[in-house]
1. Answer with yes or no whether Glu124 is of a type outside the set (A, V, I, L, M, F, W, C), outside any loop (DSSP other than H, G, I, E, B) and modelled with pLDDT of 95 or more.
2. Give me a count of the residues in the range 125-156 that are of a type in the set (Gly, Ala, Ser) and either closer than 16 Å to Met89 by Cβ or surrounded by 13 or more Cβ atoms within 10 Å (Cβ to Cβ) (or both).
3. Can you work out which of the residues in the range 89-112 that are farther than 19 Å from Ala44 by Cβ and in a strand (DSSP E or B) is farthest from the chain's Cα centre (by Cα)?
4. Within the range 48-62, does at least one residue satisfy the condition of being within 28 Å of Arg153 (Cα to Cα), crowded, with 20+ Cβ neighbours inside 10 Å and either touching an Asp or Glu at 6+ places or on another chain (Cβ under 9 Å) or not hydroxyl-bearing (Ser, Thr, Tyr) (or both)?
5. Could you look through the range 11-42, keep only residues that are more than 19 Å from Ser62 (Cα to Cα) and of a type in the set (Asp, Glu), and pick out the one that is surrounded by the most Cβ atoms within 10 Å (Cβ to Cβ)?
6. Name, by its number, the condition in (1) modelled with pLDDT of 95 or more; (2) farther than 27 Å from Glu146 by Cα; (3) crowded, with 17+ Cβ neighbours inside 10 Å that does not hold for Tyr7.
7. What are the residues in the range 26-51 that are outside any loop (DSSP other than H, G, I, E, B), within 16 Å of Val112 (Cβ to Cβ) and β-branched (Val, Ile, Thr), if any?
8. Quick check: anything in the range 113-120 buried (at least 19 other Cβ atoms within 10 Å of the Cβ), part of a strand (DSSP E or B) and in contact with a His (Cβ under 6 Å, 6 or more places away or on another chain)?
Amino acid sequence: MAEIRFYHLTRYRLEEALTRLLRRVVERRDRAVVLVGTPERLEALNAYLWTFDAASFLPHGSARDSHAAEQPIYLTATLENPNGAKLLMLCDGAPAPDPEALAAQGYDLVCVIFSGHDETALAEARAHWRSYRDSGHKLAYFQQGEDGAWEERARQ
């Protein structure tokens, strides 16, 4: 069963926090799939990742790019795993996949990233927590501290 980690954004926008997390993925030579709620959001995130820092680059792609299997970071609005990632990041209204779907896709770790300034996102994260808890997943909850660093606040 996958471990599910919840990342509660209080200091940074999603894009800023996500790039920090994705840099770690690339530094460790891991792979990740970033699942968002809509194709429009996928395109906006893709554009952001190309332009957020002129001095660095996060290698990524989506279905419209070629060589999906070779992408260390794959962006999608559909539950899939074309790059063989063990890490799934859910953000911006992405639906929470059920446990069987996670297992079928081969994910070991799921990160649910949500804004603490958006009541809808908070309600969805709470619903995801209950659903995953009730299905027996290991859960962890992290919240940004005053300095923006992640602080573990709960584990089940």
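The values are calculated or read from the model by the stated rules, or taken from the named source; none is laboratory data. Keep in mind that what you see is a predicted model, and the values were worked out from it rather than measured. Here the Cβ positions follow ideal geometry from the backbone for every residue, glycine too, while neighbour counts run over all protein chains shown.
1. Values: of a type outside the set (A, V, I, L, M, F, W, C): yes; outside any loop (DSSP other than H, G, I, E, B): yes; modelled with pLDDT of 95 or more: no.
Criteria not met by Glu124.
2. Filtering the range 125-156 for residues of a type in the set (Gly, Ala, Ser) gives 125, 127, 131, 135-136, 140, 145, 148-149, 154.
Filter again for either closer than 16 Å to Met89 by Cβ or surrounded by 13 or more Cβ atoms within 10 Å (Cβ to Cβ) (or both), leaving 125, 131, 135, 140, 148.
Counting residues in the range 125-156 that are of a type in the set (Gly, Ala, Ser) and either closer than 16 Å to Met89 by Cβ or surrounded by 13 or more Cβ atoms within 10 Å (Cβ to Cβ) (or both) gives 5.
3. Initial filter on the range 89-112 (farther than 19 Å from Ala44 by Cβ): 96-112.
Retained after the next criterion (residues that are in a strand (DSSP E or B)): 109-112.
Working: Leu109: 10, Val110: 7, Cys111: 5, Val112: 6 Å.
Here the answer is Leu109.
4. The initial filter retains those residues of the range 48-62 that are within 28 Å of Arg153 (Cα to Cα), namely none.
No - not one qualifying residue is present in the range 48-62.
5. Initial filter on the range 11-42 (more than 19 Å from Ser62 (Cα to Cα)): 11-13, 16-17, 20, 24, 27-28.
Checking the rest, the ones that are also of a type in the set (Asp, Glu) come to 16, 27.
On the way: Glu16: 13, Glu27: 8.
Per the criteria, the residue is Glu16.
6. So the condition that Tyr7 fails would be (2).
7. Val33, Val34
8. Here is the first cut: in the range 113-120, the residues buried (at least 19 other Cβ atoms within 10 Å of the Cβ) are 113-115.
Subsequent filtering for residues that are part of a strand (DSSP E or B) retains 113-115.
Going one step further and asking which of them are in contact with a His (Cβ under 6 Å, 6 or more places away or on another chain), we end up with none.
No; the residues of the range 113-120 include none that is buried (at least 19 other Cβ atoms within 10 Å of the Cβ), part of a strand (DSSP E or B) and in contact with a His (Cβ under 6 Å, 6 or more places away or on another chain).
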